[in-house]
Structure formats: structure tokens, C-alpha cells
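Trainee: Pasting a structure here, questions to come.
The values are calculated or read from the model by the stated rules, or taken from the named source; none is laboratory data. This one's a predicted model, so the numbers in the text were calculated from it and none came from an experiment. Note: ideal-geometry Cβ built from the backbone for every residue, glycine included; neighbour counts use all protein chains shown. Surface accessibility is based on the protein's heavy atoms, side chains included, excluding ligands, DNA and RNA. Shrake-Rupley method; radii C 1.70, N 1.55, O 1.52, S 1.80 Å.
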Amino acid sequence: MKMGSMYFGPFELSTESSELRKHGQRLKLSGQAIDVLLLLVSNAGKLVTREELQRKLWPGDSFGDFEHGLNAAVNRLRETLGDSATDPTYIETIPRRGYRFIARVDLVPITTDPTVPDKSAEAVRTRRARSPPRVVANQCDMSNNCADGSVGVLLGNGDGTFQPVVNYGSGGSGVWALAVADVNGDGTPDLLDASFFFNMLGVLLGNGDGTFQEVTTYGSGGVGPFSVAVADLNGDGRLDVAVANFCGGNGVNCLPGKLGVLLNRTADTTPPMITLSATPKILWPPNGKMVLVTVSGTITDTGSGVNSNSAAYSVQDEYGKLQPTGAIPLSVGGNYSFNILLQASRRGADVDGRRYTVTVRAKDNAGNRGSKTTAVTVPHGQGD
């Protein structure tokens, strides 16, 4: 069964014709923008990384061309959908990682049997009541002394109704504020709550199936937290938390208030991502001359960032002769390019040809090491 259309809000996205319609009217959207939208909506609720977008939609482009093309496509999509980068309804930006489509999506298959009436599309068109999950802040739990607050989660059924509420401990009483964000970078929404009477920030990590783990609490940095905001405050690619507190202390006159900032310390265990190419990869003819080989690629890290002083290269010669090594200067976006000289020669009896192995290595700021290799060869024969 093939998928025909995907519905979200007032929009219909056809997978067959790659067309976007709003209330039945076709919108002017094509090229890379519609391709990005199809990929995001097809993976609704999941993180689509920048690496996946580049691999599937910009496979042959340079890093700079990809960045420009992706940013232009996402901006065009938000303009067409009437969406906002800071308060998204459809496309959420996961800083330095990628994007996630966060609206509810209804899928309608293509009916292959002409004798069976296709009522699914009409049913979706008439279903205007959307049911995203609801999250509710409760100042007190169900105990007599109001010892704790709670966070209530109601999962949507897709028809405007909701499943029975599931309550989670908030870490303190008087929950005055809630925020939803992926704070641990696993692609799953998490919950954050501010407990006014306990001066606590509670974090409930999502399991990815609509349930959440037990709350972990942090001091709010003041007295009476009443608002929570989430953003990458220090530019390290991880979401941090800012908490607005009503008071700065416990005195009679507690004013002025105080802003608490909690920087994200989620452990980064992923090594840098390295791309590598060498031109030319074949050295011919084997006349003993030195040939200029250009090595280029990118070194990126969406976690703690690349340690730019760690980027280096080495060349290994299967004949055991000393070959060049050195540091790699990185430019904006982690791009690099440098030249090396390799000798176009081989031994006469070497039927496999001579192989140079070029390796690029780097660490991120958490100490994770990554490497990538490519080969440059002097073949035995021109057609090898």
C-alpha cells in the first residue's frame, strides 16, 4: 500500500505529485524546499539530522552549498507555512543537529482497488480538530497536605479527544511554569517544570513513547520560580535553561528578583564527523615525479564542538618510506583543504600497485576521537 497524502493543520502534502495544498488550493513550493518538507513530514516527531538531509538531498554539493541550500529551503518552508523559528508550530530547529516536524500528521494511503470507495481522504479533510498531546501543570498533587505538585500528560487520540491523564511528580509543589524541549539531545521531547514553593526546576526525560522518567531536580537560583525558557545560551550546541525567580533571597524584602541559568552538561560520547576526499586518487604514469594531491573535507561535531587544535593528517606508505604529516587549519563550518606531494612510482614486480593511505584525525571538546581514511594509488597498469 502506497502513501498518497499527508495532512497537517490546513495543509495537504502529496507524496505522489510533490504538491502542497492549503484548504485545497495549491501553493507555490517546489525544488529543494518541497523535498525537505517531504522528508521532515515523513519522519514527523523524529529528529532529521543535518547529515541525513545532506546525504539524501545534497549528496554531491560542498558543505557551503549544502548549508546555503538547506537554510534557504527551511526559510522558504516557514514563510509558506506561516511558521516561526522561535515559536514553531510545524518545524522545530534542534540547534546544530537538524530539524523535527512537530505537528500531528494524518497519513492517507492510495486505494489500489477501484471497486472500493476511498473515504479516508475525505475523513481526514473533515477532521479539523487536531489532538496534539496536552501537558498540564498542577500546583498540588492529590494528597491532603499538598506535599508535591504534578505534571499531567494527556495523549491525543487524533479525533479531538484525549486519553486519561497520566500524572508525574514535579519535584516540588506549586508548579507555575512548564517547557517542552529535547534537553538531552536524544531526539525525544522532555519536560521541564518550575516548582514555585520549593524553588526547584524539575526535569523529566522522555522515553519516546509518550511516557517520562522520574523527575530530577535542580535549584532554580532564587526564590519563587515562575517562568522557564530553553535555548542554547553558550553556543555549545546543547539546550540550556533560564529560570525567572520572583525573589532573589529569603529576606523580608526579597526584591529584586533573580534569573537562574543552568548550563547543559549532558555527556558527549559521539566523536567528530569527518568527511575526506583526495584529488587525484590515481597517480599515473609511474614516472617517479612528485604529484600535487589536494585533500579536502569537513570536520564537524554537534555535541561539544570540534577541538580545532586537534585536527591533523598523516600519510602511510605501504613501502614504509617517510611521508608527510601535519596540522590541519579549519575554516568556518569545519571546512579544510590542504595539499601534499606524493611520488608517482611503484616497484616493477608490484602487481597490486603502490598504496598511500591518507588519514585525518580530530577530537571534540569532550575528548572523543574521530578519524577518516582514503587511499591514493599508483596502479600496476593504467586500467587497474
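Trainee: Please work out how much length the chain gains when fully extended from Cys140 to Thr216, using 0.36 nm per residue of separation minus the C-alpha to C-alpha distance, in nm with one decimal.
Mentor: Length difference between fully extended and current span is 25.6 nm.
Trainee: Please name which of Val48, Ala349, Ala362 has its Cα lying farthest along the dipole of the chain towards the positive end, using unit charges on Cβ (Lys, Arg +1; Asp, Glu -1) and the Cα centre as origin.
Mentor: Result: Ala349, furthest along the dipole toward the positive end.
Trainee: Tell me which of Gly219, Gly249, Asn199 sits at the most positive position along the dipole axis of the stretch 185-257, charges placed on C-beta atoms (Lys, Arg +1; Asp, Glu -1).
Mentor: Result: Gly249.
Trainee: Roll a 1.4 angstrom probe over the protein heavy atoms and tell me the percent of accessible area of the chain that is carbon or sulfur.
Mentor: C and S atoms contribute 52 percent here.
Trainee: Dimensions of the chain along principal axes (Cα, Å, largest first)?
Mentor: Principal-axis extents of the Cα atoms in the chain, largest first: 90, 72, 31 Å.
Trainee: Taking a point 7 angstrom from the Cα of Ser84 along the C-beta vector, which residues in the stretch 148-192 have backbone N less than 17 Å away?
Mentor: Correct set: 178-181.
Trainee: What's the longest uninterrupted piece of the chain once you rule out the GluC sites (Glu not before Pro) that are loop residues per DSSP with at most 11 other Cβ within 10 Å?
Mentor: So the longest stretch without any such site is 17-213.
Trainee: A follow-up question, please. With labels modelled as points extended 7 Å from the Cα through the Cβ direction, what inter-label distance (nm, one decimal) is found for Arg355 paired with Thr374?
Mentor: Placing both labels 7 Å beyond Cα along the Cβ direction yields 1.7 nm.
Trainee: For the chain, with only Lys/Arg (+1) and Asp/Glu (-1) charged at the beta-carbon, what is the dipole magnitude about the Cα centre, in debye rounded to 20?
Mentor: Here the chain has a charge dipole of around 900 debye.
Trainee: Moving to a separate point now. Hey, which of these cross-link pairs are over 23 Å Cα-Cα: Lys281/Lys321; Lys321/Lys372; Lys289/Lys321; Lys22/Lys56? Please report the intermediate quantities before stating the final value.
Mentor: Details: Lys281/Lys321 19 Å; Lys321/Lys372 21 Å; Lys289/Lys321 16 Å; Lys22/Lys56 27 Å.
Pairs exceeding 23 Å: Lys22/Lys56.
Trainee: While we're looking at this one, here's another question. Helix 63-81: angle to the longest alpha-carbon principal axis of the chain, degrees 0 to 90, nearest 10?
Mentor: 30
Trainee: Within the stretch 202-289, list the trypsin sites (Lys or Arg not before Pro) lying in a DSSP loop whose Cβ has at most 10 other Cβ atoms in a 10 Å radius.
Mentor: Here the trypsin sites (Lys or Arg not before Pro) that fit, given the DSSP loop and packing criteria, are Arg265.
Trainee: Accessible area per residue for the chain in Å², computed with a 1.4 Å probe and the full protein assembly in place, what is it? Don't skip to the end; give the middle numbers.
Mentor: Values: 20000 Å² over 384 residues.
Per-residue accessible area for the chain comes out at 52 Å².
Trainee: Using helices alone, what [θ] at 222 nm do you get for the chain, with -39,500 (n - 2.57) per DSSP H run of 4 or more residues, divided over all residues and rounded to the nearest 500?
Mentor: -3500 deg cm²/dmol
Trainee: Report the Cα-based extents of the stretch 293-356 along its three principal axes, largest first, to the nearest Å.
Mentor: Over the stretch 293-356, Cα extents along the principal axes are 49, 18, 18 Å.
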